[in-house]
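Visitor: Okay, handing you the structure first.
What follows is calculated from the coordinates using simple rules that are stated; it is not laboratory data. What you see is a predicted model, and the numbers here were worked out from it, not measured in a lab. All Cβ positions, glycine included, derive from the backbone under ideal geometry; neighbour counts span all protein chains shown.
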Amino acid sequence: MIELGRFQIDLEMRTLQQNGETLPLGSRAFDILAAVASANGRLVTKDELMNTVWPDTIVEENNIQVHLSALRKVLGQDRDLILTVPGRGYQLRQRQKNTSSCEAGSRAAACRRLPPPKSGLLGRSEAVKKIRAMLEHTHVLTLVGAGGIGKTSVAIEAAHHSSADFAEPVCFVDLAVVTTEEAVLRAIVESCELPLHGPQVSADQVAAALARQHRLLLLDNAEHVIGAVAHIVEVLIAGNDALRVLVTSREPLRIMPETVFRVEPLDVPPPCSTDADVLRCSAVKLFLQLANSLQVKVGGDSAEIQLAGQICRRLDGIPLAIELAAARVAALGLEGVYRRLDDRMAILAGGYRTALPRHQTLRATFDWSFALLNQSAKSLFRRLAVFADAFTFEAMCAVVCDDEYTVAHAIGSIGELAAKSLVNVEFEGPVAKYRLSESARAYALAKLQAEGEQQHITARHARHVPVMLQLAS
Ligand SMILES: Nc1ncnc2c1ncn2[C@@H]1O[C@H](COP(=O)(O)OP(=O)(O)O)[C@@H](O)[C@H]1O
Ligand SMILES: [Mg+2]
């Protein structure tokens, strides 16, 4: 729910209300309102709006005008809530005000800056408790995990729970659309309402303005500006004992004062679980809740419950993938979704219109991570697609290394892939083993095929790995 002056926008029910009364608004006009309101003060370009409101169709630009006028008519005296920025796009006149359970006064101001907690957040109460406790002592805490695993959701929830522990309001800084160090600093200045003006601000100035403030700074979605954020956080934290920084990112900052908290997938049922055990898993709860909210009745008998459990397991308990799969149940049915999971990059598309572009399809989520890799890590990642199970460093080298791609390349790159949450590391005693999630593997395989390397790497895998397994047993 987004509260906008005297209006309430319910994104799930797709309604615009005023004092509890639903106002008549067409579907496209609602989409425009939702897109601009969800951007939380950020400018939404015309192209972005067209892609969000008419994702599969090309329409004339004046369609925006038509639906915008209808929307403004409904907004009445508040018609200028949505500003047109000539030649650029659309923007909210005022910041959105959220409706979490904040008290009056400064606590309410804190909540105004922080997005509302996600309603129906599943399986995260332990993580939230731990994060809150860790923030008592840890100056920089980074929530790390794969795209769509729920870092932002859990960080927002933890920040709401922790806000009472701080004297100053929580500062929420969304870095999703920020690309430079200067812009990161500006975003912090704006969000914390620091009295710094002028064309340029430095990390030292921001640090001085935040000095001794007992505050929680939440820097969300930092992976694409990780170097800049690492530098800024180091400067902010030096000599400021009262400041706490909570970061979400697909990879750690790698600075001295940092503690890393890995966000785990939602729990999925092991094979052969009873129906009751399947239904207890948070991943399955999420899947069934979302599928049923789309007017399809699923999960009514044992066969459906087991199928839902298998789907969640094959999606590795990643909430974003589960959301995308649940949305497909209305068209394909449970069985249809399960059978098409081999082609998951094609079917797991069509996320919420108001989600970040990289959260609208599974492929876009991986594209975002893949684009941030260097060439050597890209090569390794696509070649790892041939491993269906966990593998050792030696097995990996036997398959991917040659005269050009040396062991030194492999060492650097496997570290990078693990840090960036594209490969999971498990330990069997002192031995590290690596594994790609089923979704990561599907993405890597498509890249391997596109690069024309599939035959060669599959042949190397067939030649070396069975021999190594025999020697080990
Ligand atoms: N524990 C959860 N319960 C229900 N939905 C969740 C949960 N965690 C994440 N989601 C949903 O999954 C999607 C991705 O979550 P998000 O927090 O944005 O992931 P990340 O920041 O790791 O990319 C969002 O639509 C979010 O609402
Ligand atoms: Mg995020």
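Visitor: Please give the calculated 222 nm ellipticity per residue for the chain, where each DSSP H segment of at least 4 residues contributes -39500 (n - 2.57) and the sum is spread over every residue; nearest 500 deg cm²/dmol?
Guide: About -14500 deg cm²/dmol.
Visitor: Could you tell me the calculated FRET efficiency between Arg93 and Asp343, based on Cβ-Cβ distance and R0 = 41 angstrom, to the nearest 0.05?
Guide: About 0.40, to the nearest 0.05.
Visitor: Further question: What is the local net charge at Val140, summed over the other residues whose Cβ is closer than 12 Å to its Cβ (Lys, Arg +1; Asp, Glu -1)?
Guide: In short, 0.
Visitor: Moving to a separate point now. Ordered by packing density, taken as the mean number of other Cβ atoms within 10 Å over each peptide's residues, highest first, how do 17-24, 327-334, 279-286 rank?
Guide: Going from most to least packed, we get 279-286, 327-334, 17-24.
Visitor: Between Asn374 and His464, with labels modelled 7 Å along Cα→Cβ, what's the label distance in nm to one decimal, could you check?
Guide: Label-label distance for Asn374 and His464, simple model: 2.1 nm.
Visitor: Separate question: For the stretch 233-283 and the stretch 174-204, what is the centre-to-centre distance using only Cα atoms, to the nearest Å?
Guide: Value for the Cα centre distance between the two parts: 25 Å.
Visitor: How far, in nm, would the chain grow between Ala183 and His197 when pulled straight, counting 0.36 nm per residue and subtracting the alpha carbon separation?
Guide: Computed gain between Ala183 and His197 is 3.7 nm.
Visitor: In nm, to one decimal, how far is the modelled label at Asp204 from the one at Asp402, with both set 7 Å along Cα→Cβ?
Guide: 5.2
Visitor: Scan around Leu143 for amide H atoms under 5 Å from its own, H built in the peptide plane at 1.01 Å from N, and keep only partners 5 or more places away or cross-chain.
Guide: Those lying under 5 Å, H to H, from Leu143 are Val247, Thr248, Ser249, Phe261.
Visitor: Between Thr274 and Ala167, what length comes free when the chain is fully extended (0.36 nm per residue of separation minus the Cα-Cα distance, one decimal in nm)?
Guide: 33.7 nm
Visitor: What's the FRET efficiency of Arg353 with Phe393 using the Cβ-Cβ distance as r and R₀ = 60 Å, to the nearest 0.05?
Guide: Rounded to the nearest 0.05, the efficiency is 0.90.
Visitor: Right, here's the next one. Taking the Cβ-Cβ separation of Asn62 and Ser125 as r and a Förster radius of 56 Å, what is the calculated FRET efficiency to the nearest 0.05?
Guide: 0.70
Visitor: Output the peptides 30-39, 146-155 sorted from most to least packed, where packing is the average of other Cβ atoms within 10 Å over each peptide's residues.
Guide: Order by mean packing, descending: 146-155, 30-39.
Visitor: Could you give the alpha-carbon Rg of the stretch 373-472 over 2.2 N^0.38 Å, rounded to two decimals?
Guide: Rg over 2.2 N^0.38 Å, computed on Cα atoms: 0.99.
Visitor: Work out, step by step, the length gained on full extension between Lys297 and His214: first 0.36 nm times the residue separation, then minus their alpha carbon distance; give nm to one decimal.
Guide: Residue separation times 0.36 nm, minus the Cα-Cα distance, leaves 25.0 nm.
Visitor: Count the net charge of all other residues whose Cβ sits under 12 Å from the Cβ of Cys397, scoring Lys and Arg as +1 and Asp and Glu as -1.
Guide: 0
Visitor: Among the GluC sites (Glu not before Pro) in the stretch 352-432, which ones are in a DSSP loop with at most 15 other Cβ atoms within 10 Å of the Cβ? Mind listing them?
Guide: Glu404
Visitor: Here is a further query. Ranked by Cβ crowding within 10 angstrom, fewest neighbours first, how are Tyr443, Tyr405, Tyr434 ordered?
Guide: Going from sparsest to densest Cβ surroundings: Tyr405, Tyr434, Tyr443.
Visitor: Kyte-Doolittle mean at least 0.5 and Cα extent at least 30 Å along the axis: which DSSP H helices of the chain qualify?
Guide: Length and hydropathy pass: none found.
Visitor: Between Ala450 and Arg262, what is the label-point separation in nm under the 7 Å Cα-to-beta-carbon projection?
Guide: Each label point is offset 7 Å from its Cα along the Cβ direction, giving 2.8 nm.
Visitor: Using only Cα atoms, what is the ratio of the radius of gyration of the chain to 2.2 N^0.38 Å?
Guide: 1.04
Visitor: Ratio of alpha-carbon Rg to the 2.2 N^0.38 Å globular estimate for the stretch 100-262, to two decimals, please.
Guide: Dividing the Cα Rg of the stretch 100-262 by 2.2 N^0.38 Å gives 0.95.
Visitor: In the stretch 2-97, what is the volume of the convex hull around the alpha carbon atoms, normalised per residue and reported in Å³?
Guide: Each residue corresponds to 91 Å³ of Cα convex hull volume.
Visitor: Could you pull out every one of the aspartates and glutamates with an alpha carbon less than 20 Å from that of Lys129, ignoring same-chain neighbours closer than 8 positions?
Guide: Qualifying aspartates and glutamates at Cα under 20 Å: Glu157, Asp165, Asp220, Glu258, Glu264, Asp267.
Visitor: Cross-link partners among lysines for Lys130, C-alpha distance below 20 Å, same-chain residues fewer than 8 apart left out?
Guide: Output for Lys130: Lys118, Lys151.
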